[in-house]
1. Lysine pairs in segment 1-145 with Cα distance under 30 Å, only those 8 or more apart or on different chains: how many are there?
2. Report, in deg cm²/dmol and to the nearest 500, the calculated mean residue ellipticity at 222 nm for the chain, where each DSSP H run with n ≥ 4 adds -39500 (n - 2.57) and the sum is divided by the residue count.
3. With +1 on the Cβ of every Lys and Arg and -1 on the Cβ of every Asp and Glu, and nothing else charged, how large is the dipole of segment 1-116 about its Cα centre, in debye rounded to the nearest 20?
4. Semi-axes of the equivalent ellipsoid for segment 49-151, please: Cα gyration tensor eigenvalues, times 5, square-rooted, ordered largest first, whole Å.
5. If one computes the Cα centroid of segment 35-63 and of segment 125-164, what distance in Å separates the two points?
6. What Kirkwood radius, in Å to one decimal, follows from the Cα pairs of segment 172-218?
7. What order do you get for 137-149, 41-53 when each peptide is scored by the mean count of other beta carbon atoms within 10 Å, highest first?
8. Starting with the highest mean, order 210-216, 83-89, 108-114, 70-76 by the number of other Cβ atoms within 10 Å, averaged over the residues of each peptide.
Amino acid sequence: MSEDGQGRVAIVTGAAGTMGMAAAKRLAADNYKVALLDIAADRLSAVAKDLKGSLAIAGDISQPEKVNAAVGEVESKLGPASVLVNNAGILSNNKSAETTPEEWRRVIGVNLDAAFYLARAVLPGMKQRRYGRIVNVCSLAMKTGGLTAGTAYTTSKSAIGGLTFSLAREVAPFGVTVNGIAPAYVKTPMVSEQLTEAQRQALLAQIPVGRFCEPEEFAHCVAFLVSPMSGFITGEILDINGGLHFD
Ligand SMILES: NC(=O)c1ccc[n+]([C@@H]2O[C@H](COP(=O)([O-])OP(=O)(O)OC[C@H]3O[C@@H](n4cnc5c(N)ncnc54)[C@H](O)[C@@H]3O)[C@@H](O)[C@H]2O)c1
């Protein structure tokens, strides 16, 4: 455990999911006050019970008014946010021919729009206080065109990369950094349930470290990028893919 967080407030979206929960636990251990956002109310309250001092807010973050209300609640109950981890996401493996307009909108709404709405809500305060850290969860799919991921997902992750670069440039002079993490094949339901056994074996054969990523390894990357130690890093997309892809 480190004391990096100094009691600062961190918002983690998708906190009821595997990676979001790992990140939230790590930030709580690092002495952040953590606000947990997720649409899955039951799973979210179970996570919150385990994290003393955390605040759980259930709702659909692809809706801008829900985001504004959630950020207002965080501010009034925990204090102004210094850290935002845009982690919520939904996977779709459909390629373009099978992707309906509804699916396209839903995936872009959760994976991209929500990150923009949240950043837009917290950035004025971060800029004013001249300190902030935003981490956007991208994906290897943005760099490969999606090995197994579909068109809407891959596009959403490329776009959140673009959002990362744009925001990083905009807010760098204010002591706020904006970075991304591009994971691949973390041990989550996305890997265990949405890929076939044949796909998993084929991937393992291609990943040089010979295994899938532990959620805690993702949480370590988040902890570093949101810490005061990373102040000279902005507009970076950190790969965490076991050597599957170099660039
Ligand atoms: N699992 C992987 O291998 C992998 C690889 C690359 C990137 N990622 C990305 O990492 C992030 C976390 O993935 P995970 O595997 O932990 O997924 P997960 O499904 O376990 O967690 C995602 C969470 O987001 C929440 N969510 C979905 N829609 C929402 C909405 N509209 N409003 C609020 N919350 C919503 C879900 O309820 C869920 O708890 C995602 O952005 C995903 O795209 C995952």
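Taken together, the values in this text are just the output of simple stated rules run on the coordinates, not laboratory data. Because the structure is a prediction, the values reported are computed rather than measured. Note: ideal-geometry Cβ built from the backbone for every residue, glycine included; neighbour counts use all protein chains shown.
1. The number of close lysine pairs in segment 1-145 is 21.
2. Working: 10 runs with 111 residues, N = 247.
Estimated from H runs of four or more residues: -13500 deg cm²/dmol.
3. Working: 12 positive and 14 negative charges, 50 e Å.
Here segment 1-116 has a charge dipole of around 240 debye.
4. Details: eigenvalues 172, 44, 35 Å².
Largest first, segment 49-151 gives 29, 15, 13 Å.
5. Cα centroid to Cα centroid, the span is 22 Å.
6. Details: mean 1/r = 0.0794 Å⁻¹.
Here the Kirkwood hydrodynamic radius works out to 12.6 Å.
7. Numbers: 137-149: 21.4, 41-53: 14.8.
Those peptides, ordered most packed to least, come out 137-149, 41-53.
8. Highest mean packing first, the order is 83-89, 108-114, 70-76, 210-216.
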